[in-house]
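Values quoted throughout were computed directly from the atomic coordinates according to the rules given, and no laboratory measurement underlies them. All values reported here derive from a predicted model rather than from experimental measurement. As a convention, Cβ positions derive from the backbone with ideal geometry for all residues, glycine included, and neighbour counts pool all protein chains shown.
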Amino acid sequence: MGIGLTGDHQVGFGGWNSGSGNVGLFNSGSNNVGFFNSGTGNFGIGNSGEFNTGIANSGMANSGVFNSGVLNTGWANAGSYNSGGFNAGSLNTGSFNPGHTNTGSYNTGDLNTGYANTGDLNTGAFNSGDANNGLFWRGDGQGLMQADYTLNIPPIPLTLGASGILKLPITGNITGLSVNPFTIHGDTTSAIPVNLSLIVDGESGGITIPIHVTDEIHFDVPISGLPITITVPLNSSLDPIQIPQIRISDIPLNLTLGSDNTMLNVGIAGNIGGITVPVFHFPAAPGFGNTTNAPSSGFFNSGDGSASGFGNMGDTISGFWNIGAHASGFENYGGELLSGLTNLGNAMSGIANTNALGLSVAGVISGLANTGSRLSGFFLTGSVP
């Protein structure tokens, strides 16, 4: 369809497109729609890359103008996966960011939420340090907030009392008592040593011998060698004494503990608790309300972390309410490598595009409201070979 066309499936002016499958004028690439495109699958003017939508994009799958990176939504982005303009870094939401994964503008550092931060992980503006909240901080970890609320329930006093008649009859027999056999023996041997030393002393002052004559005459004859000591040593031993088992007969029991008039009063007093219930705990960290595994700046981000912005869930994200990984922009949902607004899928830029291949396969889509894969332009459905 056109003027001066030769060949099959040509649309436009014959001889003015040198590529194949192009629609428009002066296209030298293939499957382009527009003017002066030298790339592949582009929609617009002067695109030299692939599957770009816009003007003078030299990268791939960009939506915008003058983007030399990959999967940018915006203008003049030298980096990749940016939503904004003039970003030399990647994964930024905003403009003029030489750093990476920033939400805001003029950030030379990384993972900042705000403006003109030269450090990293700052939430605020003009911070030259790292992981700060606020303005003009030059150190690290300044302006951080933490919150902790614990509910303490004091001990609850408990008092219990009871009374009753105590009359406990106890009857029965104690049986099975015995003394096991045992042996009495010496210290070092089995025999019992018996050692006896008997000493007998004898003593006499002399001997009186009476001689009967007319008159009684007495005389003493001394005996030398007295006193006499007799020593009788006795060394022997006894065999070990074996004591057999001694059995004790049954012992009958028949008694009563208490009586009809014996009262038993029981009182218990004490406390239950107290109890400490942690309600919430927010440690001092960059940003406000973030629950990410890795540090993040911004507000209420969750997931693996390394994020900036507001309400993002996932890994390495900037912007607002994105879910996924390696993304920038607003409310994108999918696998990874996303920029722009409300895109669903993987590897896309632009606005409201849907990857028909699912969340885990690269769709390579740019433009507006396209559904499929390998598409650029507006409101298209399908796929370009």
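Some notes on this structure:
- Label zone of residue 146 (point 7 Å out along Cα→Cβ, amide N under 12 Å): in the range 266-286 this covers 281-286.
- Set of the range 237-264 residues, backbone N closer than 17 Å to the point 7 Å along the Cα-Cβ line of residue 167: 255-264
- Taking a sphere under 11 Å around the Cβ of residue 111 and counting the other residues whose Cβ falls inside, with K and R at +1 and D and E at -1, yields a net charge of -3.
- Inter-probe distance in nm under a simple model that places probes 7 Å from Cα toward Cβ, at residue 135 and residue 179: 9.9 nm
- Label-point gap, in nm, between residue 383 and residue 16 - each point 7 angstrom along Cα→Cβ: 3.3 nm
- Residues 281, 326, 100, 185 in ascending order of nearby Cβ atoms (within 10 Å, fewest first): 281, 185, 326, 100.
- Counting neighbouring beta carbons within 10 Å and listing from fewest to most, the residues 341, 255 come out as 255, 341.
- Cα-only Debye scattering, the range 8-166: base-10 log of I(q)/I(0) at q = 0.09 Å⁻¹: -0.48
- When the chymotrypsin sites (Phe, Trp or Tyr not before Pro) in the range 293-385 are filtered for DSSP coil states and for at most 13 other beta-carbon atoms within 10 Å of their beta-carbon, the remaining sites are 379.
- Label-point separation, residue 156 to residue 275 (7 Å along Cα→Cβ), nm: 0.7 nm
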